[in-house]
Amino acid sequence: MGVLFESIVGTLLALADQTTPKKAADIKLADQSAKPERAGGDMEARVAPYWQQVMTGRMDSGGFDEAWGVFSYGGWSDAGQMMLLHNIKNPEKALLIVGKPNRQEIDFERSIDLQELKTLIPKLDGIKKLEDVDLPMFDGLVFEMAYAQRVAASGKPKATIVKRVYYKNPGTKQKFPGHDEILELAQKLKTKPL
C-alpha cells in the first residue's frame with residue numbers, strides 16, 4: 001500500500017509542477033532547428049498537413065504568389081482551417097478558403113476585395129515574426145500558422161511554405177498576444193458571409 005501511495009503522490013506532484021504558472025522568461029519556445037526540412041526548405045507540417053497541401057496546391061493551380069494559413073487540430077476535434085491566397089501582380093485576385101471543422105471539405109470560398117486585403121495582409125504578415133510555442137497541455141487545440149510563397153525550384157516557381165509557427169498553449173499559463181491576434185483574425189474570417 002505504501003508503494004502505491006508514494007507512486008500516486010509522485011504523479012500528483014509532477015502534474016502540479018506542469019500546471020504551476022511560469023514567468024515568460026521561464027517558458028521555453030520550441031527549437032526551430034529541430035524541425036525536419038524537405039527539399040526546397042519546405043518544413044514538415046505538424047498540424048493539418050492535408051490542408052497545408054490544399055493551400056499550396058491551390059496556389060500553384062490558381063496562379064497565386066503568396067498565402068497565409070491558420071490550421072488546427074485537437075485529437076477529437078479541430079476549429080476548422082483558414083487560408084488566404086494572394087496574387088502580388090494582380091491584387092484584386094485574392095481568395096479566402098475556409099475548411100469545415102472535423103472534415104476534409106471546403107466550407108466556403110470567397111473573393112477578398114482590395115480594401116479588405118489591405119487591412120488583412122499587415123496583420124497576417126505577423127506570422128513571419130512569430131516563434132513556436134510548445135507548452136505542456138493535457139487536452140486542447142493545437143495550431144500551426146503558415147506563410148507560403150512561390151519559390152524557384154528546378155526553373156519553375158513552386159508554392160512552398162517558407163515559415164511555419166507551431167502553437168500549443170493551454171491558455172492558462174502565459175499569453176502570447178501576437179499568436180492570439182492571428183488566431184482571432186482567422187476565427188473572424190472563418191465566419192460565413194451572409
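What follows draws every value from the coordinates through simple rules; no lab data is involved. Every value quoted in this text rests on a predicted model; they were computed, and no experiment measured them. Glycine also receives a Cβ, built like all others from the backbone with ideal geometry; neighbour counts cover every protein chain displayed.
Can you tell me how much longer the chain between I121 and K158 gets when fully stretched, taken as 0.36 nm per residue apart minus their C-alpha distance, in nm with one decimal?
Stretched fully, the I121-K158 segment lengthens by 11.2 nm.
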Using θ = phi - 60° and the Karplus form 6.51 cos²θ - 1.76 cosθ + 1.60, what ³J(HN,Hα) does each residue of the range 130-138 get, whole Hz, x for Gly and Pro?
-> 7, 10, 4, 10, 9, 9, x, 8, 6
Mind giving me the nanometre distance, one decimal, between the label points for E131 and R110, set 7 Å out from Cα along Cα→Cβ?
-> 3.7
Given the peptides 159-168, 88-97, 124-133, arrange them by the average over their residues of other C-beta atoms within 10 Å, most packed first.
-> 159-168, 124-133, 88-97
Report, by chain and number, residues whose modeled amide H sits under 5 Å from the one on N87, excluding near sequence neighbours (fewer than 5 apart, same chain).
-> D65, K93
Could you tell me whether the range 109-194 comes out rounded, prolate or oblate from its Cα gyration tensor? Rule is a ≥ b ≥ c as square roots of the eigenvalues, rounded for a/c under 1.5, then prolate if a/b exceeds b/c, otherwise oblate.
-> oblate
Cα shape, the range 74-144, gyration tensor, a/c 1.5 rule = oblate
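Which pairs, out of K156/K190; K118/K158; K89/K156; K118/K188; K123/K188; K89/K188, put more than 23 Å between their alpha-carbon atoms?
K156/K190; K118/K158; K89/K188
Among 101-107, 143-149, 45-51, what's the highest-first ranking by average C-beta atoms within 10 angstrom per residue?
143-149, 45-51, 101-107
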